[in-house]
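Q: Encoded as structure tokens, here's the structure I'll be asking about.
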Amino acid sequence: MQADTLSGGFADPAIQSAYAFRSVMEAMARPGTLHDIAGAEPPAPLSPAAGAVLLTLCDTETPVCLAGAVNCDAVRAWLAFHTGAPQTGPSHCMFAVGTWEALAPLSSYPIGTSDYPDRSSTLIVECPKLVASGMTLSGPGIKENAALLLPETQAFATNRGLFPLGLDFIFTSGSQLAALPRTTEVC
């Protein structure tokens, strides 16, 4: 086992995962807001924010799909060592991580069922940067409106139309994240 595989996890898992979990929950509760998240140093090309999200939310019962450049030996080994999460394709994953282009098509991911809408995927979208301007967001958790620069609008409008089914999104860049739950309207 390579040294890179063993390093890069939370130094103090109980404390750091609690802080990371709070960052993820704050981002989901307040769509479009930017949040710092720290503690992970995953191998490239996975960002520290995406690594922290995976360390916090994934375990041996959480299938993960790695898409595009993040589907490499170093990231696969790091994720397996630190979380034990099984790696799978898009149709069976609970989480998927990659760039917007690598995660396409969105129709490949589970959107839940009428009996179990929570059995859908959360896509962790790696971005070059996060910008709190661009598309206007409204819905639960947004007092008046918020804004977030998104790769497109139609996919999110279509996803919102599926509610209570649909995908949830976490956008990551460097050590920051923002979220877009399926309840959010994008204009």
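Q: As a footprinting exposure proxy, order Ile142, Ile37, Ile15 by other Cβ within 10 Å, with the fewest listed first.
A: Working: Ile142 19, Ile37 28, Ile15 11.
Result, fewest neighbours first: Ile15, Ile142, Ile37.
Q: Hey, another quick one. What residue among Gln154, Ala96, Ala49 has its Cα farthest toward the positive end of the dipole of the chain, where the charges are +1 on Lys, Arg and -1 on Asp, Glu, each on the Cβ?
A: Looking along the dipole axis, the top candidate is Gln154.
Q: Could you work out the percent of alpha carbon pairs in the chain separated by over 30 Å, rounded to a whole number? If you can, show how the numbers build up before the last one.
A: Details: 2302 of 17391 pairs.
Beyond 30 Å sits 13 percent of the P(r) for the chain.
Q: In nm, to one decimal, how far is the modelled label at His92 from the one at Met25, with both set 7 Å along Cα→Cβ?
A: Using points 7 Å along Cα→Cβ, the separation is 3.1 nm.
Q: Which value, in debye to the nearest 20, gives the size of the charge dipole of the chain about its Cα centre, when Lys and Arg are +1 and Asp and Glu are -1 at the Cβ? Can you show the working numbers first?
A: On the way: 8 positive and 16 negative charges, 60 e Å.
Dipole of the chain, to the nearest 20 debye: 280 debye.
Q: I've got another one for you. What distance in nm separates the two pseudo spin-label positions at Glu144 and Ser107, each 7 Å out from Cα along the beta-carbon direction?
A: 4.0
Q: Projecting each Cα onto the charge dipole of the range 3-178 (Lys/Arg +1, Asp/Glu -1 at the beta carbon, about the Cα centre), which of Phe10, Pro63, Thr122 comes out farthest on the positive side?
A: The Cα lying farthest towards the positive end belongs to Thr122.
Q: Over the chain, what is the percentage of antiparallel beta bridges among all DSSP beta bridges, to the nearest 5?
A: On the way: 13 of 27 bridges.
Percentage antiparallel, nearest 5: 50.
Q: Return a whole-number percent for the relative contact order of the chain, with Cα pairs under 8 Å and 6 or more residues apart as the contact set.
A: Details: 428 pairs, mean separation 44.5, N = 187.
Once divided by the residue count of the chain, the mean separation gives 24 percent.
Q: Additional query: Would you order Val24, Val131, Val97 from fewest to most other beta-carbon atoms within 10 Å of each residue's own beta-carbon? Kindly include the intermediate steps, with their values, before the conclusion.
A: On the way: Val24 20, Val131 14, Val97 30.
Taking fewest neighbouring Cβ atoms as first place, the list is Val131, Val24, Val97.
Only the coordinates and a few stated rules stand behind these numbers; no lab work does. Please read these numbers as outputs of a predicted model, since none were measured by experiment. Positions of Cβ are backbone-derived with ideal geometry, glycine not excepted, and every protein chain shown enters the neighbour counts.
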